[in-house]
Amino acid sequence: MTIGIVPRAGASPSATNSGTSAPQASQPGPRGESATMPSAAAASAPARRRTPRWVLAVLVPVMVIFAVCLANALAWIGQPFSGFLVAPNGIVVSIGRAEWIHARHHNVSFARILAVDGRPVSGGRDVHAYVSAAGVGKPIVYTFRNGTEIFRLPVRARPFAATDFAELFVPLLAVGLLMVLVSAAVVARRPGAPEARALFVLCLAIGLAMITAPDQWYPYWFTGLYYLAVCMIPPAFAQLGLTYPQRSTLLGHGPLAYAALYLPFVGLCAALLASLPEPSLVLPLNYALYFFVANAALLCVGALVVGLIDGVRPREPVVLCLAGMLGSCLIAGSILATYPLLPWPISPLWFLGPLLLLPVCEGAAFLRYPTPAAPSPEGAAS
């Protein structure tokens, strides 16, 4: 794949190769600044005067969605709870706490609930309505189907505790919101930088998936948005990898290139939503999606490693981005890739936090350092 670097307009060849703008001899900088390298404050001063309107236009609906999901999550506290989380199609998800029912009955994860106390149910809404009407302390007999196995299990309804909310919902909501806000701050200061826009798209997809995740277990208001956000993560990773540290010529074809990158995953989202009623279809599609996420993250890591091998300068931002990618994605990516195969519940508390390293490290690299550039053939020969 050919990598093309476009020099900034008005920059001399030497300035382009070093990643900095040409010096202005008639206006020396303040004390402590290099004549050829303006300070970060001076370089970013124009970008801090006004936040782009399109960034605000994205943040406003995100904040509204966050407020709605937070209110719905808080409403869980004190309500009757079955001891496991149920997706809209009635499948028990493998996310929860160690003391929940999954830890004692591993075959409950990814099983579909067919009936409660002998009454057929069509999905998560029916299960939640029955448990809420039964009240705390009532034993309920659930009929599950996991593959070809059908089994019954009595479970006493318990109250959803504040500790359940703190361990399960708080990490999802807080990390998701911070992912969006930190990346928005980066793109607000460098709205014209392709790498800053790519980072914002990636963090927006990850953040919305986390913010709307509690809604997938009730009341199911944002199911379509959740799956769309998750499906946008692989192409967003690919966009970032094709943009930084060296911009690929593949993205030089304009909207056509981005359509080819994102539209297949819009189709995957539509397939996931259409297959939700049938577990035998939705589980393989979920696994394929998580596989794409993990491999797209590896593409980003590979782009950074190739940049270092090619000798881009400066190296510091590339190393910082690589540390952020490895620190944030290794744990989360490995869990997402194997999530449908795990027989025990996953607690989001310990693996979501490192994801914040992604916008923090990459944002610092984009704001503190000039865009890396490969050395010219003449400079490499000398």
Item checked: Packing-based exposure ordering (other Cβ within 10 Å, fewest first) of Ile113, Ile309, Ile211, Ile91 -> Ile309, Ile91, Ile113, Ile211
Notebook entry, point to check: When the label point is put 7 Å from the Cα of Leu56 along its Cα-to-beta-carbon vector, which residues of region 181-198 have a backbone N closer than 20 Å?
Noted result: 181-193, 197
Margin query: If I model a spin label as a point 7 Å beyond the Cα along the Cα-Cβ vector, how far apart are those points for Ala75 and Phe291 in nm?
Written below: 3.8
Notebook entry, point to check: Where a ≥ b ≥ c are the square roots of the eigenvalues of the C-alpha gyration tensor, would you call region 121-217 rounded, which needs a/c under 1.5, or, failing that, prolate if a/b is larger than b/c, or oblate?
Noted result: prolate
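If R0 is 25 Å, what FRET efficiency do you get for Ala185 and Thr249 from their C-beta distance, rounded to 0.05?
Rounded to the nearest 0.05, the efficiency is 0.25.
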Margin query: Only counting other Cβ atoms within 10 Å, I'd like Trp54, Trp221, Trp76 sorted with the fewest neighbours first.
Written below: Trp54, Trp221, Trp76
Item checked: Computed over region 78-159: relative contact order in percent, which uses C-alpha pairs under 8 Å that are six or more apart -> 34
Notebook entry, point to check: Using 1/(1 + (r/R0)^6) with R0 = 51 angstrom and r between the beta carbons of Ala274 and Ala323, what's the FRET efficiency to the nearest 0.05?
Noted result: 0.80
Item checked: Span from the region 62-77 Cα centroid across to the region 183-226 one, whole angstrom -> 16
Item checked: Contour minus Cα-Cα distance for Val306 and Leu225 (0.36 nm per residue) -> 25.7 nm
Notebook entry, point to check: Roughly what would the spin-label model give for Val170 and Arg315, points 7 Å off Cα along C-beta, in nm?
Noted result: 4.2
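Where a number appears in this text, it was derived from the coordinates with a stated rule and is not lab data. Here the structure is a predicted model, which means the values were calculated and not measured. Glycine gets a Cβ as well: all are built from the backbone with ideal geometry, and neighbour counts include every protein chain shown.
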